[in-house]
1. Taking into account only those residues within segment A:302-330 that are facing chain B (nearest Cβ under 7 Å) and farther than 22 Å from residue A:31 by Cβ, which is nearest to the chain's Cα centre (by Cα)?
2. Which condition from (1) more than 8 Å from chain A (Cβ to nearest Cβ); (2) at negative phi; (3) modelled with pLDDT of 90 or more is the one that residue B:9 breaks?
3. Which members of segment A:139-179 meet the condition of being at pLDDT 95 or above and within 16 Å of the chain's Cα centre (by Cα)?
4. Applying the selection to segment B:72-104, what residues are over 20 Å from the mean Cα position of the chain (by Cα) and touching a residue at least 60 places away in the same chain (Cβ under 8 Å)?
5. Can you report the number of residues in segment A:93-136 which are part of a helix (DSSP H, G or I), out of contact with any helix residue (DSSP H, G or I) (no Cβ under 6 Å at 6 or more places or on another chain) and surrounded by fewer than 17 Cβ atoms within 10 Å (Cβ to Cβ)?
6. Taking residue B:138 as meeting all but one of (1) in the same structural domain as residue B:277 (by TED's automatic domain parsing); (2) touching a helix residue (DSSP H, G or I) at 6+ places or on another chain (Cβ under 6 Å), write down the number of the exception.
7. Working only within segment A:233-261, note down all residues that are in a helix (DSSP H, G or I) and over 13 Å from residue A:62 (Cα atoms).
8. Scan segment A:277-287 and give yes if some residue there is modelled with pLDDT of 90 or more, within 14 Å of chain B (Cβ to nearest Cβ) and within 21 Å of residue A:183 (Cβ to Cβ), otherwise no.
């Protein structure tokens, strides 16, 4: 699907003139996922239990949901590092509203609206003043987290309505959780947007050549602004799910999650410099990370091993194409 | 592709090693800590392993996230639920955020206790405190009386801030047990605000204004170090002793300089040992796990539960020249 997008520029992924020309990153990643799945199933007697696998999905669905929006941003050569802090500020907003007696659906609206608002603030700073998004969102990362700390200090918001637990703890069908269903639906939606709509083509065009995109009549600023709002909105949705799952809010909620989200996106084959990538890749990467974490957890292997594995994968996906180009260069 | 092979090989290797160690034991107890790689918790694991050895047929799974986050601990709890461990003993990163996942663990028949850093009552059965306010107060006075000849003389307290909740409760408890130590008088209480320099200056002032003071009790890990330093700098070593609550790694030097004879703090080894014993007894149904009940914890005696199902393990552990170096390496 991404091939069409990469036709009009120098492709920067492995599938150029290398032996397995038809082997795309997504296929490789899928193979890795299968290998990990088989390993896990053999290594631990608890792995193939449907309830356990369902529990495992909770560990990554919130991050993966944000990763979908982050993928669009990174394809457009922007980034949003404030997503975890947006979760914190949205969760605090929901907590304060819950204290004031707002009902479940009101809380969901407040969480999503706070997220979208925070995203719009990022988008405004980036598009209105032409600031680099990495700088802006590092700033708002501290800003949003800071707001959460100012409001809550070392306190805690609890006492969410009982049915609010649905979004993070309940199952839609058998072992299939609401979070997981939501993620899958969103994956399809984002996949269609990026790969099957004109808007998606604009995103690729902007990521590849913003000046060219502007000259061909794409309203670059507007597209970017929308992407930041969407990123904030998805962080708001993740805030609803995470807050519901842990049933309480502290200002440290989701601390450090932005890096895991970016990791997922990059591991999914999205070029960190923008211009290429695919939603299926990101979805598979989410599963790979989820399976590795859960599999190692079942074997009680310290989490640091997981960090090492992901680190190696990440460096490989970024370094290999660059190395390959250098080797091929005359 | 090459890296994929390497990755697959590494994964295979890691998993192979892990399967070898994951032998089924009769009772599997997970000791979940705030984060891996912290000396205090490594020591707790040492105690847990000791308990497992003593009990026999017990496998202790020592685990925790790499960063001290509630989300990380929830991932760990999920994988422990999946493994159907018999008990989870956790030092929590968040009192409330872990409650839903621990409730899930309990609903699937896993016994859950918290230790060191607690979980809200609905998320666990028992919480094991390393000590209690009354025991801490008593121990501070006892250590002061022990360094005075015949237990008689004047003492002063160097506290944190005048509003510090913990310190105020402990000072109150100290004053409560004072009648049990006739001849020991508390003549002054000064406040160093848990700042090293202010604590130091307050101690120097105290030594000048109350020359009769022979013991300074500092129930704060910042204050005790500053007080010992002040005593050393004022050349009062041998005349004035410092005691209270401190960390072995920070106090080892002052114990050796003899500015401090003994001080107290929890013993992480005992804590891990007791948590494991309690978890085991809950699994085996040997515990009276209800408000006001009691749970045996091996060599550490019996845990008395209050109305919140909280219990205090023991007196704070006393560190002196004989053991401070060993523990200074831990925390």
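1. Here the answer is A:307.
2. (3)
3. Residue satisfying the conditions is A:141 alone.
4. Passing the criteria: B:86, B:87.
5. Of the residues in that region, 11 qualify.
6. (1)
7. Selection gives A:259 alone.
8. The answer is yes; a qualifying residue exists.
The values are calculated or read from the model by the stated rules, or taken from the named source; none is laboratory data. The structure displayed is predicted, hence computed values, not measured ones. All Cβ positions, even for glycine, are placed from backbone atoms using ideal geometry, and neighbour counts span all protein chains on display.
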